[in-house]
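Visitor: Sharing a structure with you now.
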Amino acid sequence: MSQETQTISRAVTLLRSLADAGQPLRLVDLAAQSGIHKATIHRLLGGLVKEGLVQRSTDRRYSLGAEAWMIGNAANRQFDLVHAVQPELKAIVDVTLDVALLMVRVGQGAVCMAREEGSYPLKPSSLQVGSRRPLGVGAGSLAILAAMDDDAIDSILTQNEDALQGYPSYSIEKILEMVTDARRSGFAYVDGLIIPEMIAVAAPILDPKGSPIASITCSAINSRLRGARLDDACRMVVDSAARLSASPLTLKTAPNSFPETT
């Protein structure tokens, strides 16, 4: 990797850390999360602050800046899959009363782009809009990964090996086992691997070439999705993902430029 490419990669890592945090971070927090040396982070943050992508508070905490919001807003106008999916998410929570999510593939990960909550008072809180997971971690991310070909899966899991260390219940072997199960059943199923009391099922949204671009997830506390309720949730996410895969609106707004690997 060239020095210029490494600099860009590190700057993007810092921006992602700030986006995932949901609150201002100290330089030492960014160093702990990213593994980047504090002196390098200080230099990169100086440039990001100057460009308006990051802002610094008086107590020396960092958060995303106005320029980052403007770039994200411009991207959202071009990538409008969220609006196409929203009625499907609402239909799921109207029946289940739990939580429905849209996860969108970005490189070797998936980002939560929409969250719809039902009326049941106890809700899973692990994934909020903007949360990012490595592909294979969590039901929505697993559904996307399982819909890829074996070569792409092997490449992505190899690249995600370091990221998986942040998820003690996961390993490459465990994910490959779940991929096999997801392909066999037609949906991804995760029970308590990230948060013990949470269960989720998901199905992939495909582009016209059959490549996964996103997924629909139904998530709940584990006592809620059992027996017939689990069967109903699986059927709803599979049917919803199939409708979205065939929808002209989804195809029009799909992020078909996102790479299989980077």
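Just so it is clear, none of the values below were taken in a lab; they were calculated from the coordinates. What you see is a predicted model, and the numbers here were worked out from it, not measured in a lab. With ideal geometry, Cβ positions are generated from the backbone for all residues, glycine too; neighbour counts draw on all protein chains shown.
Visitor: Report, ordered by chain and residue number, the aspartates and glutamates lying within cross-link reach of Lys209, taken as a straight Cα distance under 15 Å and ignoring same-chain residues fewer than 8 apart.
Guide: Asp149, Glu260
Visitor: Still on this structure, please answer the following. In what sequence do Arg226, Arg105, Arg132 fall when counting other Cβ within 10 Å, fewest first?
Guide: Arg226, Arg132, Arg105
Visitor: Another question about this same structure. Setting aside same-chain residues fewer than 8 positions from Lys123, which lysines have a Cα under 27 Å from its Cα?
Guide: Lys123 reaches Lys90, Lys174.
Visitor: Using the count of nearby Cβ atoms within 10 Å as a rough guide to exposure, how do Glu117, Glu4, Glu161 rank from fewest to most?
Guide: Lowest count first: Glu4, Glu161, Glu117.
Visitor: Given N residues in the stretch 128-214, what is Rg(Cα) / (2.2 N^0.38 Å)?
Guide: 1.02
Visitor: Excluding Ser215 itself, what net charge comes from residues whose Cβ is under 15 Å from its Cβ, given Lys and Arg +1 and Asp and Glu -1?
Guide: Charge balance near Ser215 sits at +2.
Visitor: Looking at the chain as a GNM with Cα springs under 10 Å, which of Ala202, Ala233, Ala163 has the largest mean-square fluctuation?
Guide: Greatest mean-square fluctuation among the candidates belongs to Ala163.
Visitor: One-quarter of the Cα convex hull surface for the chain, in nm²?
Guide: Hull-based average projected area comes out at 14.5 nm².
Visitor: Which residue, Val137, Val111, Val28, tops the fluctuation ranking in a GNM of the chain built on C-alpha contacts under 10 Å?
Guide: Checking each option, the largest mean-square fluctuation is seen for Val28.
Visitor: When the chain is modelled as a GNM with alpha-carbon springs shorter than 10 Å, which of Leu101, Leu135, Leu53 fluctuates the most?
Guide: Leu53
Visitor: Output wanted: per-residue J couplings in Hz (rounded whole) for the stretch 134-148, from phi through Karplus 6.51 cos²θ - 1.76 cosθ + 1.60, θ = phi - 60°, x for Gly and Pro.
Guide: So the J values, rounded to whole Hz, are x, 4, x, 9, x, 4, x, 5, 5, 4, 5, 4, 5, 8, 8.
Visitor: With unit charges on the beta carbon (Lys/Arg positive, Asp/Glu negative), name the residue among Thr217, Ala66, Val106 whose Cα is farthest towards the positive pole of the charge dipole of the chain.
Guide: After comparing all options, I get Ala66.
Visitor: Ok, one more. Through the Karplus equation 6.51 cos²θ - 1.76 cosθ + 1.60, θ set to phi - 60°, convert the phi angles of the stretch 111-117 into ³J(HN,Hα) values in whole Hz; use x for Gly and Pro.
Guide: In residue order, the calculated couplings are 10, 6, 9, 7, 9, 10, 10 Hz.
Visitor: Charges at C-beta only: +1 for Lys and Arg, -1 for Asp and Glu. How large is the resulting dipole of the chain about its Cα centre, in Debye rounded to 20?
Guide: 800
Visitor: When the expected Rg is taken as 2.2 N^0.38 Å, what fraction or multiple of it is the alpha-carbon Rg of the stretch 9-79?
Guide: Dividing the Cα radius of gyration by 2.2 N^0.38 Å gives 1.07.
Visitor: Sort Met103, Met148, Met70, Met198 so the one with the fewest other Cβ atoms within 10 Å of its own Cβ comes first.
Guide: Met70, Met148, Met198, Met103
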